[in-house]
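Worksheet for the structure shown next.
Taken together, the values in this text are just the output of simple stated rules run on the coordinates, not laboratory data. Predicted, not measured: the structure shown is a model, and the values here were computed from it. Here the Cβ positions follow ideal geometry from the backbone for every residue, glycine too, while neighbour counts run over all protein chains shown.
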Ligand code: PMP
């Protein structure tokens, strides 16, 4: 006879209360013909890069562990962005580095709202408090409020996505500088969308030892490889390296990343096209009644819909177009976030949106 399950062995009940209280990060996996929800580069891998990646993967000795410090990949990233390999830590996506930072520094963690969901979720998973500070009406950083709340709560880390996700704008340099100069917490400037704005706080890093800069290869064409990176002062790099898991960048990602970055000019062309498409789509949406796009320095647009944004989101999905629905009470009420696609995808999105409206 089958034994009855023993309820006292339901170990899920023993999971930390801070984790049990959470909802998992939700990714909409609906199969669609046009995917504009996740800030991926919509263009296919250039043929030359594809062939180089195949050759690199073919000669990879995957019975061995990967290079633990991913030296070749770091060299290529240095060539791309001018970040010295000794001052660089790579992560399995910058998501992993966000986690490493919170593990190393602990909390409370302070972040503006609205901003990137992982700044909120990761500390909670690690049983750390999260303090949020609303952005201004123009979605700029409220430097005074950030400084005040940091002191009040003893926050150890401040995450600033610049340009910000999901609002798309860059914060004013003066506001970011005021925060950097007036707190002793670690200030993480997450430049995930740097390639689409071209402006960076990297030149400031030697003047601000409390600054950490995060970047990612995901948005420029390598989301599937999961490669993020950070740079900081040597002492912070040494501490964070204790937290980083050994072999966290797998061999195939290293090989493919190196092969692709050696052909970086091909990807720069795609980035330039995405920026040009963003400008075109912004203008087209400005001229569309019932929608207001917000200015963006990223590869996506935040748009406000006059009517029912959730209904528009659902109708787009029925047409096979997936965007991100941000329509809930708060500063993003009525908003959707649309990743810039190929010229054809953007035309199709616009056509369907106009029909729905
Ligand atoms: N930071 C910001 C601001 C983001 O928007 C994202 C992706 N949505 C990430 C980090 C994570 O990027 P990845 O883990 O792919 O490097």
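Once the Cβ-Cβ distance of residue 288 and residue 48 is raised to the sixth power relative to R0 = 35 Å, the FRET efficiency obtained is 0.40. Between residue 117 and residue 307, the FRET efficiency from the beta-carbon distance, with R0 = 35 Å, is close to 0.85.
Extending 7 Å from Cα along the Cβ direction at residue 199 and again at residue 138 yields two label points whose distance is 1.1 nm. If you count the DSSP beta bridges with both ends in segment 47-262, what percent of them are antiparallel, to the nearest 5? Counting DSSP beta bridges with both partners in segment 47-262, the antiparallel share is about 35 percent.
Which of 205, 62, 158 moves most in a GNM of the chain, Cα contacts under 10 Å? Comparing 205, 62, 158 in a Gaussian network model of the chain, the most mobile one is 62. Paramagnetic label reach from residue 242 (point 7 Å along Cα→Cβ; backbone nitrogen cut-off under 13 Å): within segment 82-110, residues 103-106. Relative contact order of the chain, taken over Cα pairs closer than 8 Å and 6 or more residues apart, is 23 percent.
By the beta-carbon count within 10 Å of each Cβ, the least crowded to most crowded order of 109, 275, fewest first, is 275, 109.
Placing a pseudo-label 7 Å from each Cα along the Cα-to-Cβ vector at residue 24 and residue 355 gives an inter-label distance of 3.5 nm. Taking only the C-alpha atoms of the chain, the Rg (one decimal) and the largest Cα-Cα distance, Dmax (whole number), read 21.4, 72 Å.
Indicate the gyration tensor shape class of segment 214-312 (rounded, prolate or oblate), computed on the Cα atoms with a ≥ b ≥ c the square roots of the eigenvalues: a/c under 1.5 is rounded; otherwise a/b larger than b/c is prolate and the rest oblate. Because a/c hits 1.5 or more and a/b exceeds b/c, segment 214-312 counts as prolate.
Based on the Kirkwood approach, the hydrodynamic radius assigned to segment 1-103 is 19.4 Å, with every pair of different Cα atoms included. Arranged from fewest to most other beta-carbon atoms within 10 Å of their beta carbon, 339, 150, 298, 288 become 288, 150, 339, 298. Roughly how large, in nm² to one decimal, is the mean projection of the convex hull of the alpha-carbon atoms in segment 44-124? Projected area, direction-averaged: 8.4 nm².
Based on C-alpha pairs under 8 angstrom that are at least 6 apart in sequence, segment 149-274 has a relative contact order of 19 percent.
How would you rank 208, 84, going from fewest to most other Cβ atoms within 10 Å of each one's own Cβ?
84, 208
When the Cα convex hull of segment 138-274 is projected onto planes of every orientation, the mean area is 9.6 nm². The largest-to-smallest principal axis extents of the Cα set in segment 68-174 are 43, 31, 22 Å. Considering helices alone, the calculated mean residue ellipticity of the chain at 222 nm is -12000 deg cm²/dmol, with DSSP H runs of length four and up weighted by -39500 (n - 2.57) and normalised per residue. Label positions at residue 206 and residue 315, each projected 7 Å from the Cα along the C-beta direction, are separated by 5.6 nm.
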